[in-house]
Amino acid sequence: MKNIVILISGGGSNMAAIVKIAQRDAWAEKFGARVAAVISNKADAKGLIFARDHRIATEVLDHKAFASREDFDTALAALVDRFDQPGNPVLVVLAGFMRILTPGFVGRYAGRLVNIHPSLLPAFTGLHTHQRAIDAGCKFAGVTVHQVTAELDHGAILAQAVVPVLPTDTAETLAARVLTQEHLIYPRAIAELLQKI
């Protein structure tokens, strides 16, 4: 069984969307895959409640308890590796995980580490993407699912969805419209990736 480990820091709405689609579309039968664990760097992340309610293993690893980013990532990798099985490599999915990962962690899971970013990459890497798109006068914005590399928001693009930027949009209204697309394309991109690993 291919194990999917999802990393979150907050509400976990993308994680929840992935779990629901995995169950609805019977990924266990179709791809030999399951969401095996949800790991958060914050004990109060609301997404952990959803995961527990769906009988998914959860772990909390507080990044503040570590002296360095490297120390945290080493401990995080040890947690992830509990679900990494010979012949069935773990897929690591970042779903609102608000940590920049070290090159060592990224390299360890190369080709099996994915993220979702709320812009049409390569435009607007980093934070505050919706306000930046509005400020730039963009007519369209969107979301990108991509492979994670050591360079922030620059990995191979796996999927994208486009939404219009409306004249009345605020960063909040645009974010809400983009989020509906995130919930659609992230599970779809993961399903396609599961067929390749």
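Things worth noting here:
- Among the residues listed as Ala191, Ala175, Ala150, Ala156, the single one being at pLDDT 95 or above and under 30 Å from Asp71 (Cβ atoms): Ala156
- Residue within the stretch 15-29 that is under 18 Å from Pro187 (Cα atoms), surrounded by 21 or more Cβ atoms within 10 Å (Cβ to Cβ), in contact with a Ser or Thr (Cβ under 7 Å, 6 or more places away or on another chain) and hydrophobic (A, V, I, L, M, F, W, C) present: no
- Residues that are closer than 22 Å to His117 by Cβ and either of a type in the set (Phe, Trp, Tyr) or in contact with an Asp or Glu (Cβ under 9 Å, 6 or more places away or on another chain) (or both), drawn from the stretch 11-49: Ser13, Asn14, Ala17, Val38, Ile39, Ser40, Asn41, Lys42
- Scoring Glu151 on the criteria (1) more than 21 Å from the chain's Cα centre (by Cα); (2) farther than 20 Å from Ile185 by Cβ leaves a single failure, condition (1).
- Qualifying residue in the stretch 88-103 (condition: among the small types (Gly, Ala, Ser) and over 14 Å from the mean Cα position of the chain (by Cα)): no
- Subset of the stretch 173-197 [without any contact (Cβ under 8 Å) to a residue 12 or more places away in the chain and of a type in the set (D, E, K, R)]: Lys196
- Single residue of the stretch 160-182 satisfying the filter (loosely packed, with under 14 Cβ neighbours inside 10 Å and not polar (S, T, N, Q)) that is farthest from Gly104 (Cα to Cα): Pro167
- Here the stretch 51-71 is the region considered, the condition is being farther than 26 Å from Glu182 by Cβ and of a type outside the set (D, E, K, R), and the residue that is surrounded by the most Cβ atoms within 10 Å (Cβ to Cβ) is Phe66.
- Long-range neighbours under 7 Å by Cβ, at least six apart or interchain, first residue in contact (Cβ under 8 Å) with a residue 12 or more places away in the chain and farther than 21 Å from Ala75 by Cα within the stretch 30-49, second basic (Lys, Arg) and part of a strand (DSSP E or B): Phe31/Lys2; Gly32/Lys2; Ala33/Lys2
The values are calculated or read from the model by the stated rules, or taken from the named source; none is laboratory data. Here the structure is a predicted model, which is why all the values come from computation and not from measurement. Note: ideal-geometry Cβ built from the backbone for every residue, glycine included; neighbour counts use all protein chains shown.
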